[in-house]
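Below: one structure, written as structure tokens.
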Amino acid sequence: MSDNDSEFDALKRALDNDWPEIQRHLIGEGAGLDSWWLDRFERKDVLLELPGVVIMNTRDWHVDGVVKTLEDTYGYGGYDCDDCFRAAHISVHIERFPEGQFVGIRISGPNAGHAIAMASTMRTSRPPTAPVLPWGEAIGDLTLSAHQPEGDWLYGVELAVRPMYRRKGIGKGLYQARFDLVKSLNLRGWCAVGMLMGYQAHAHKMNVVEYGEKVIARQIKDPTVTMQMNRGFRAGGVITDYVDEPAAGNAGVLIVWENPNYAAGEA
Ligand SMILES: CC(C)(COP(=O)(O)OP(=O)(O)OC[C@H]1O[C@@H](n2cnc3c(N)ncnc32)[C@H](O)[C@@H]1OP(=O)(O)O)[C@@H](O)C(=O)NCCC(=O)NCCS
């Protein structure tokens, strides 16, 4: 096949595509019509469009980028760890609960097609009023074996935006996509433990429980928990020994969002 033929095929693919708003945008941003990633986009996976980024449901071809995002976020690229998601785990998450796995993909610039953010969720029947389990027990194992397909609460497993793409609204977009999911599945709500990621800078002055209480009282801003409270989550208590995360003193805050549209008895 000549170069002209393949360009023609790519153009035809683009024109045949039934999601012109994204296609126009991508091409306007300089995406080559035959970019390797462009023809792997599926309209049903695109949930939200932000400047330069789309939020999608995670598919197999995103798995390596999701792992890279986690490695960049938590710095675990170079060593083995017991609670780090690897590619094989992410693939199982997609099998278990495809609508609950999210990825942010760059759609413009030199990194177009790359995953730069991710969020993972599962369903649980365990209400947020039950005693909070440590992260490892709550998820079952790294494949999310505790996911209950009929569970009526969404449980936030992981959220990460690559450092160089932070503070551009991508985290907010990932929250919006998950609020939309809770509503579309008619779940009671969404709970998680927001890690106290800003604790390190205060560790010389107070212990993590004091820090968490000040964050809940809005006397200190935490980059993660304050952001979650600003999204409409109600903060419960401080949860110590939740997961091994030295930056957060291994602690977080129980956060709960109740679905205002929840209709009991409807599937
Ligand atoms: C938390 C995280 C996902 C936020 O992603 P992001 O794309 O930077 O978030 P956004 O740009 O959408 O910002 C959302 C809000 O957080 C605020 N924010 C983001 N980073 C912040 C920081 N370092 N300090 C203070 N506020 C911050 C923004 O100003 C914005 O504020 P608003 O709620 O008043 O509107 C990202 O910082 C991250 O990956 N952190 C490390 C991993 C982590 O903490 N995961 C969550 C585990 S529970």
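The values are calculated or read from the model by the stated rules, or taken from the named source; none is laboratory data. Note that this is a predicted model, so its numbers are computed, not measured. No Cβ is skipped: glycine too gets one built from the backbone with ideal geometry, and neighbour counts run over all protein chains shown.
Of note:
- Pairs, first in contact (Cβ under 8 Å) with a residue 60 or more places away in the chain and over 16 Å from Val193 (Cβ atoms) in segment 155-177, second more than 7 Å from the ligand (Cβ to nearest atom) and assigned to a helix (DSSP H, G or I), C-beta under 6 Å, six or more apart: Arg162/Thr69; Arg162/Asp72
- Check on Ala235, assigned to a strand (DSSP E or B), under 21 Å from Pro134 (Cβ atoms) and either in contact with a Pro (Cβ under 6 Å, 6 or more places away or on another chain) or more than 10 Å from the ligand (Cβ to nearest atom) (or both): yes
- Complete set of residues in segment 107-128 that are at pLDDT 95 or above, more than 18 Å from Ala251 (Cα to Cα) and in a loop (DSSP other than H, G, I, E, B): Ser125, Arg126, Pro127
- Pairs, first buried (at least 22 other Cβ atoms within 10 Å of the Cβ) in segment 114-135, second assigned to a strand (DSSP E or B) and of a type in the set (Lys, Arg), C-beta under 9 Å, six or more apart: Ala115/Arg106; Ile116/Arg106
- Yes/no for Val215 being in the same structural domain as Asn261 (by TED's automatic domain parsing), free of Cβ contacts under 8 Å to residues at least 60 places away in the same chain and either under 17 Å from Trp257 (Cβ atoms) or within 14 Å of the ligand (Cβ to nearest atom) (or both): yes
- Unmet requirement for Val209, which otherwise passes all of (1) part of a helix (DSSP H, G or I); (2) more than 7 Å from the ligand (Cβ to nearest atom); (3) in contact with a helix residue (DSSP H, G or I) (Cβ under 7 Å, 6 or more places away or on another chain): (3)
- Checked against the criteria, Trp190 does not count as closer than 26 Å to Gly232 by Cβ, of a type in the set (Phe, Trp, Tyr), more than 13 Å from the ligand (Cβ to nearest atom) and modelled with pLDDT of 95 or more.
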